[in-house]
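Enquirer: This is the structure, below, for whatever I ask next.
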């Protein structure tokens, strides 16, 4: 899970996902999640937090009211690993309420 | 919001809602919420907790994995008040992800 | 982590812990946590929820305002396992804010 | 609660608080909170989220693992109001576990 992925694998993962893109100037991916209100946004954040502890891999993220920006990268690998995409998938599922 | 409701008003509220019923032997209402897994259940609980602080009215509740039972009553009024139905509505909205 | 513990081992664990005791009529342990208010209680619950996902082991618990009762047992083992005591320890640490 | 405060009042508030300072180039205040781990950080965030709903005033904030940065400003007032300092106080209390 924690080896740095080659860029082709990163591209393949991103092609299969919606809304995630490379962060300019960093070996990281990011996505903006827009919710109806703060309650919905923080319910999402709580579910991502649970997934982060389960995966032992944590996001860099920010929140302003109904918006959450999630940035994922694996510091130990100095790049993107399968852990990042596992957490990205968990975030997408939490956002859809299908987790 | 905090006066005890007459039983006809309680019945009218319950008729308009889904899954809420009177608790036998107590002037309270209850509902069981079933989710897919613990993450979904605790995301729901977080949103109900936010609503509880907003309304300054708190549930009696229990959780086992994917199931949450919510019991609502207003201790100060020794019965059911509009606060209970406001929190019940917020819980239903949180469960539907439409909050 | 998930084999049923002999009763001597359960007793030894309980002797080293504060506030946990056997549940009458069940092969489970329980503890009541009392907090200052709902915010403190729900902050605790969130940290226990994170530990539960990390350990892949979940509590049976209930909350009324500033009080949280936690019951732990391992259904698959039909009794108490090291998982229960790992989660009990995490709950105690969360309650002390030392997690 | 929601009128823009004169700069002397802002300074007086900041003098009485620990770690909060004006944000360069914005009419906002900020503070970095450092915790032991993600669990402690997210427990804090949950309590601040509850306070935000109670006060109907929400932070701009970001989290990386054990660190949380909180920025407060009142958009409607185009500056700092008593609401910001009420939420700052709630955040400090949550961080101290004394809330």
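Enquirer: Take the conditions farther than 15 Å from residue C:63 by Cβ, more than 10 Å from chain C (Cβ to nearest Cβ) and in contact with a helix residue (DSSP H, G or I) (Cβ under 6 Å, 6 or more places away or on another chain) and apply them to residue B:44. Does it pass?
Expert: no
Enquirer: Just checking, how many residues over segment A:1-40 are closer than 28 Å to residue B:42 by Cβ and touching a residue at least 12 places away in the same chain (Cβ under 8 Å)?
Expert: 19
Enquirer: Is it the case that some residue within segment D:2-12 is within 15 Å of the chain's Cα centre (by Cα) and within 11 Å of another protein chain (Cβ to nearest Cβ)?
Expert: Checking segment D:2-12: not a single residue is within 15 Å of the chain's Cα centre (by Cα) and within 11 Å of another protein chain (Cβ to nearest Cβ).
Enquirer: Still on this model: Provide a single number: the residues in segment C:55-99 that are more than 28 Å from residue B:72 (Cα to Cα), within 8 Å of another protein chain (Cβ to nearest Cβ) and surrounded by 19 or more Cβ atoms within 10 Å (Cβ to Cβ).
Expert: 2
Enquirer: While we're on this one: From (1) buried (at least 23 other Cβ atoms within 10 Å of the Cβ); (2) outside any helix (DSSP H, G or I), pick out the condition that doesn't hold for residue C:46.
Expert: Looking at each condition in turn, residue C:46 falls short on (2).
Enquirer: Are any residues in segment D:15-43 in a helix (DSSP H, G or I) and touching a strand residue (DSSP E or B) at 6+ places or on another chain (Cβ under 7 Å), and if so, which ones?
Expert: Correct list: D:41 only.
Enquirer: I'd like the residue in segment B:1-14 that is under 12 Å from residue B:84 (Cα atoms) and not in a helix (DSSP H, G or I) and, out of all such residues, is modelled with the lowest pLDDT.
Expert: Within segment B:1-14, the match that is modelled with the lowest pLDDT is B:1.
Enquirer: Select from segment B:22-33 the residues that are away from chain A (no Cβ under 14 Å) and either surrounded by 20 or more Cβ atoms within 10 Å (Cβ to Cβ) or touching a helix residue (DSSP H, G or I) at 6+ places or on another chain (Cβ under 9 Å) (or both) and list them in ascending order.
Expert: Hits for segment B:22-33 are B:22, B:27, B:28, B:29, B:30, B:31.
Enquirer: Could you grab me the full set of residues in segment A:46-62 that are more than 15 Å from residue A:83 (Cβ to Cβ) and touching a strand residue (DSSP E or B) at 6+ places or on another chain (Cβ under 6 Å)?
Expert: A:61, A:62
Enquirer: With respect to residue A:51, determine if the residue is more than 10 Å from chain D (Cβ to nearest Cβ), buried (at least 21 other Cβ atoms within 10 Å of the Cβ) and modelled with pLDDT of 95 or more.
Expert: Criteria met by residue A:51.
Enquirer: Could you tell me how many of the residues in segment B:55-92 are touching a residue at least 12 places away in the same chain (Cβ under 8 Å) and in a helix (DSSP H, G or I)?
Expert: Selection size over segment B:55-92: 14.
The values are calculated or read from the model by the stated rules, or taken from the named source; none is laboratory data. These figures come from a predicted structure and were not determined experimentally. When we count neighbours, we look across all protein chains shown, and the Cβ atoms used for this are built from the backbone with ideal geometry, even at glycine.
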